[in-house]
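Trainee: Below is one structure. I have some questions about it.
The values are calculated or read from the model by the stated rules, or taken from the named source; none is laboratory data. Computed from a prediction, not measured in an experiment: that's the story for all the values here. Using ideal geometry, Cβ is built from the backbone for each residue, glycine included, and neighbour counts are taken over all protein chains shown. When the accessible area is computed, the model is the full protein with side chains, heavy atoms only, and any ligands, DNA or RNA have been set aside. Shrake-Rupley method; radii C 1.70, N 1.55, O 1.52, S 1.80 Å.
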Amino acid sequence: MSSLPEVTLFVKAGADGKRYGACPFCQRIFMILLIKAKNQQLRFKVATVNVAKPPEDFKKVSLRRVPAIAHNDNATDNVDDIVQYLDEVFPTDTLNYDNSEAEKACKDIFQKFCFFIKEVSKDSSLLVAELNKLNNYLLSAQTKFLCADHVTHLDCEVLPKLHHARVASKTLKGFDFPPNMDGLWRYLKNAYSEESFVKSCPSNQEITIHWADKPETPSLSLEQHAYLTKSEPQYTLTIPSENAK
């Protein structure tokens, strides 16, 4: 029996109500916990939660949403509070960063993706402009990840959102990230080789359902929804061959 402290991570349940669902905020915390566990600072278990029918151990600590964590007598379901708590109780220097240029380069991608997938923006031009901004930063940075050659808190925040944007844009809008963005593809290639990202990554089907179920997004037919729910999970963890440098 390990003497390491144990944290419980509550994440979104999938479309079947049981398996791991798709939520970029859940994956962010999942990645952080995997990194801290690899550093032998803690151990953790993951519990999937259908928020409409939450389990008793979720309700009894007054949690209402996911992601959420419980550790000893502490429980929180606010993402920023979770990150702060984990860093205060289990500090990990490698996750820290101080790079305003990197933050600026990626801060609006998720917003522009949401506008695109919800059809607030009629075409992909605003999203492409933000992807290009990130691509140009990554070309100049020459690091494997946003701030260093290892994952930092900024990567844990950005990579799940970026992957959601890639998968959902393709499956729901037929849009592919531009193939000529070498910096962006190099970044994704490094992410797809990173254990903390791969182990925490939801399936393509769950990402598609997550966004299709939201208001104002391209919806799925009942047959399509049922097929995705029942099909074997698939993961897009490769990049176009022309970018494999």
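Trainee: Taking the stated definitions as given, is Leu159 surrounded by 22 or more Cβ atoms within 10 Å (Cβ to Cβ) and either in contact with a Pro (Cβ under 9 Å, 6 or more places away or on another chain) or under 23 Å from Lys112 (Cα atoms) (or both)? If you could, list the steps in order and put the result at the bottom.
Mentor: Numbers: surrounded by 22 or more Cβ atoms within 10 Å (Cβ to Cβ): yes; either in contact with a Pro (Cβ under 9 Å, 6 or more places away or on another chain) or under 23 Å from Lys112 (Cα atoms) (or both): yes.
The answer is yes for Leu159.
Trainee: Test of understanding: among Thr152, Thr171, Thr94, which residue is open to solvent by less than 30 Å² (accessible area, probe 1.4 Å) and of a type in the set (S, T, N, Q)?
Mentor: Numbers: Thr171 fails: open to solvent by less than 30 Å² (accessible area, probe 1.4 Å); Thr94 fails: open to solvent by less than 30 Å² (accessible area, probe 1.4 Å).
Result: Thr152 is the single residue among Thr152, Thr171, Thr94 that is open to solvent by less than 30 Å² (accessible area, probe 1.4 Å) and of a type in the set (S, T, N, Q).
Trainee: Of the numbered conditions (1) over 15 Å from the mean Cα position of the chain (by Cα); (2) surrounded by fewer than 15 Cβ atoms within 10 Å (Cβ to Cβ), Leu138 fails exactly one; give the number of that condition.
Mentor: That leaves (2) as the condition not met.
Trainee: Can you tell me which residues in the range 161-194 are over 16 Å from the mean Cα position of the chain (by Cα) and either among the basic types (Lys, Arg) or under 29 Å from Phe10 (Cβ atoms) (or both)?
Mentor: Of everything in the range 161-194, those that are over 16 Å from the mean Cα position of the chain (by Cα) and either among the basic types (Lys, Arg) or under 29 Å from Phe10 (Cβ atoms) (or both) turn out to be Lys170, Thr171, Leu172, Lys173, Arg186.
Trainee: Here's another thing I want to ask about it. Under the condition of being open to solvent by less than 40 Å² (accessible area, probe 1.4 Å) and among the hydrophobic types (A, V, I, L, M, F, W, C), which residue from the range 227-245 is nearest to Glu157 (Cα to Cα)?
Mentor: Among those that are open to solvent by less than 40 Å² (accessible area, probe 1.4 Å) and among the hydrophobic types (A, V, I, L, M, F, W, C), it is Ile239.
Trainee: Which residue is nearest to Ser200 (Cα to Cα), if the candidates are limited to the range 145-157 and must be in a loop (DSSP other than H, G, I, E, B) and touching a residue at least 24 places away in the same chain (Cβ under 8 Å)? Don't jump to the end; show me each part of the working.
Mentor: Of the range 145-157, the ones in a loop (DSSP other than H, G, I, E, B) are 145-152.
From the residues that got through so far, the ones that are touching a residue at least 24 places away in the same chain (Cβ under 8 Å) too are 145-148, 150-152.
On the way: Phe145: 17, Leu146: 19, Cys147: 21, Ala148: 21, His150: 17, Val151: 14, Thr152: 15 Å.
Filtering the range 145-157 for residues that are in a loop (DSSP other than H, G, I, E, B) and touching a residue at least 24 places away in the same chain (Cβ under 8 Å), the one nearest to Ser200 (Cα to Cα) comes out as Val151.
Trainee: Next up: Can you confirm whether the range 77-87 contains a residue that is touching a Leu at 6+ places or on another chain (Cβ under 7 Å) and open to solvent by 70 Å² or more (accessible area, probe 1.4 Å)?
Mentor: Scanning the range 77-87 turns up no residue that is touching a Leu at 6+ places or on another chain (Cβ under 7 Å) and open to solvent by 70 Å² or more (accessible area, probe 1.4 Å).
Residue by residue, here is whether (1) outside any helix (DSSP H, G or I); (2) farther than 22 Å from Val89 by Cα; (3) open to solvent by less than 30 Å² (accessible area, probe 1.4 Å) holds:
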residue	(1), (2), (3)
Gly17	yes, yes, no
Cys26	no, no, yes
Phe30	no, no, yes
Gln41	yes, no, no
Val46	yes, no, no
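Trainee: On to the next question. Does Thr143 meet the test of being over 19 Å from the mean Cα position of the chain (by Cα), of a type in the set (Val, Ile, Thr) and over 20 Å from Ile29 (Cβ atoms)? Walk me through it before giving the result.
Mentor: Working: over 19 Å from the mean Cα position of the chain (by Cα): yes; of a type in the set (Val, Ile, Thr): yes; over 20 Å from Ile29 (Cβ atoms): yes.
Spelling it out, Thr143 is indeed over 19 Å from the mean Cα position of the chain (by Cα), of a type in the set (Val, Ile, Thr) and over 20 Å from Ile29 (Cβ atoms).
Trainee: Further question on the same structure: Please enumerate the residues belonging to the range 73-111 that are closer than 18 Å to Pro160 by Cβ, acidic (Asp, Glu) and assigned to a loop (DSSP other than H, G, I, E, B).
Mentor: Result: Asp77, Asp108.
Trainee: Return the residues of the range 112-144 that are of a type outside the set (Val, Ile, Thr), free of Cβ contacts under 8 Å to residues at least 40 places away in the same chain and outside any helix (DSSP H, G or I); say none if nothing qualifies.
Mentor: Selection gives Ser121, Lys122, Asp123, Gln142.
Trainee: Right, here's the next one. Residue under question is Ser121, and the condition is that it be at pLDDT 95 or above, surrounded by fewer than 20 Cβ atoms within 10 Å (Cβ to Cβ) and not hydrophobic (A, V, I, L, M, F, W, C); does it hold? Let's see the steps before the verdict.
Mentor: Numbers: at pLDDT 95 or above: no; surrounded by fewer than 20 Cβ atoms within 10 Å (Cβ to Cβ): yes; not hydrophobic (A, V, I, L, M, F, W, C): yes.
When the stated conditions are applied, Ser121 does not pass them.
Trainee: Now a separate question. For the range 195-210, which positions are under 13 Å from the mean Cα position of the chain (by Cα) and either over 29 Å from Ala37 (Cα atoms) or surrounded by fewer than 21 Cβ atoms within 10 Å (Cβ to Cβ) (or both)?
Mentor: So in the range 195-210, the residues under 13 Å from the mean Cα position of the chain (by Cα) come out as 196-204, 206-207, 210.
Selection gives Val198, Lys199.
Trainee: On to the next question. When you go through (1) open to solvent by less than 40 Å² (accessible area, probe 1.4 Å); (2) farther than 30 Å from Asp149 by Cβ; (3) of a type outside the set (Gly, Ala, Ser); (4) modelled with pLDDT of 95 or more one by one for Leu34, which number turns out not to apply?
Mentor: (2)
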